[in-house]
1. Got a sec? Which of ASP41, ASP29, ASP89 is surrounded by fewer than 19 Cβ atoms within 10 Å (Cβ to Cβ) and under 20 Å from the mean Cα position of the chain (by Cα)?
2. Being of a type in the set (S, T, N, Q), at pLDDT below 95 and out of contact with any Cys (no Cβ under 9 Å at 6 or more places or on another chain): is that true of SER228 here?
3. Suppose we filter ALA171, ALA195 for residues that are under 17 Å from the mean Cα position of the chain (by Cα) and farther than 19 Å from ASP128 by Cα; which single one remains?
4. Six or more apart or on different chains, Cβ atoms under 6 Å: show the pairs whose first residue is in segment 56-75 and among the β-branched types (Val, Ile, Thr) and open to solvent by 30 Å² or more (accessible area, probe 1.4 Å) and whose second is outside any loop (DSSP other than H, G, I, E, B) and modelled with pLDDT of 95 or more.
5. Can you list residue pairs whose Cβ atoms sit under 8 Å apart, with the first residue in segment 30-44 being over 12 Å from ALA62 (Cα atoms) and the second being surrounded by fewer than 23 Cβ atoms within 10 Å (Cβ to Cβ) and among the charged types (D, E, K, R)? Count only pairs 6 or more apart in sequence or on different chains.
6. Which condition does ASP197 not pass, out of (1) open to solvent by less than 30 Å² (accessible area, probe 1.4 Å); (2) modelled with pLDDT under 95, if it passes all the others?
7. Just checking, how many residues over segment 199-216 are touching a residue at least 60 places away in the same chain (Cβ under 8 Å), under 21 Å from TYR268 (Cβ atoms) and in contact with a helix residue (DSSP H, G or I) (Cβ under 6 Å, 6 or more places away or on another chain)?
8. Give segment 240-252 a look and list any residue that's closer than 18 Å to ARG304 by Cβ and either open to solvent by 10 Å² or more (accessible area, probe 1.4 Å) or polar (S, T, N, Q) (or both), or say none.
Amino acid sequence: MTAGPPSVSRVVKLSVVVPFYNVQTYAPDTLTSLRANAREDFEFLLVDDCSTDGTSELLARAARELPGAVLLTHARNAGLATARNTGIDAARGEYLAFLDGDDWLAPGHLARVLAAIEGLNCDFVRTDHVRCTAKSRTVHRVPVGRRGEVLRPRDAILPAERSTSVDYPYAWAGMYHRRLADRGLLRFTDGLRTAEDRPWIWRLHREANSFAAVSTLGIFYRRGVSSSLTQIGDIRQLDFIRAFDQVLSETADDPDAEKLLPKAVRTYCAIIAHHLASVDRFEAPVARKLRARSAAALKRMPQRILHEALDTMDSERAARLRRLRRRPVPVSAPLEATA
């Protein structure tokens with residue numbers, strides 16, 4: 001990994017971590033939006049995850065021309081989770097934020113979110129965002145009803161049967177105090193190629209002390225990018241199983257495991273059902289592995305909690321998962337099933 005030399009004398013209020021990988025078409029919009037958010041006490045950590053298109057040239061130019069830019073480069077492609085960790089390790093700011101290399105910000109958005117988190121004096125804030133699919137624009141809200149009020153993150157995990165803050169895992173939809181990074185709560189699981197934000201958001205809500213949802217709209221999330229892993233049906237998609245195994249394992253060790261595990265199991269089941277419903281988009285060998293690994297995952301879950309979760313799901317998804325659950329497969333994952 002190589003880095004451009006940061007200015008050692010400049011006091012940094014906010015560090016923005018922005019990984020890029022083969023987004024030559026979209027990176028100019030991202031970089032333009034960073035310029036429209038630049039401030040003398042902001043730094044932009046541009047992480048080139050070994051791009052093979054023209055992205056590297058765009059970032060080299062941005063490192064020269066974008067105020068506060070620091071270019072970090074990987075010698076080999078390591079994935080989004082590791083690229084974010086590279087940026088976190090280099091960050092010097094009192095606060096941290098994230099952006100993906102194919103998304104963009106409204107002018108002045110970062111300053112507004114910074115003012116909100118400083119005014120609330122909490123560990124982190126979560127923001128709404130605009131989802132952009134072709135020419136369509138839809139607003140997606142943080143699933144927290146109380147806005148602009150400091151809350152306990154653990155209390156926002158439940159209830160199990162409703163969408164809650166842990167179902168809104170986007171790292172870029174928020175801002176985070178440096179003390180979370182110092183505690184290791186902002187790091188991602190190295191090597192996860194998809195669902196990397198799921199263990200991250202669960203850990204954040206279990207272990208941070210305070211947060212707030214704020215109605216500051218200014219993040220534009222580009223959906224449907226052909227190079228995005230959400231659009232690719234190869235083996236990397238199956239990393240969601242490793243991600244949710246981690247969620248279950250870490251939640252099982254929590255003092256409130258009995259209360260929190262039903263939510264973790266239900267969410268895991270919902271994600272498995274989602275992938276099974278669109279199994280045709282996967283390459284044939286990957287589809288077979290998806291079914292086999294998902295069946296094994298169901299057997300690893302706490303069986304009483306799994307049974308209760310399936311009883312509360314809609315009939316179509318529950319039937320699909322019950323069929324998969326009956327599939328004879330070896331059990332070999334770390335979280336053991338319990339009666």
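1. None of the other options fit; the residue is ASP89.
2. yes
3. So the residue among ALA171, ALA195 that is under 17 Å from the mean Cα position of the chain (by Cα) and farther than 19 Å from ASP128 by Cα is ALA195.
4. The qualifying pairs are THR73/ASP48.
5. ARG39/LYS13; GLU40/ARG10; ASP41/ARG10; ASP41/LYS13; PHE42/LYS13; GLU43/ARG10; GLU43/ARG92
6. The number of the failed condition is (2).
7. Summing the residues that are touching a residue at least 60 places away in the same chain (Cβ under 8 Å), under 21 Å from TYR268 (Cβ atoms) and in contact with a helix residue (DSSP H, G or I) (Cβ under 6 Å, 6 or more places away or on another chain) in segment 199-216 gives 1.
8. SER249, THR251, ALA252
The values are calculated or read from the model by the stated rules, or taken from the named source; none is laboratory data. Treat the numbers as computed from the prediction; the structure is a model and nothing was measured. A quick note on method: Cβ atoms are made from the backbone with ideal geometry, for glycine too, and the neighbour counts reach across all protein chains shown. SASA here: full protein model, heavy atoms, side chains in, ligands and nucleic acids out. Shrake-Rupley method; radii C 1.70, N 1.55, O 1.52, S 1.80 Å.
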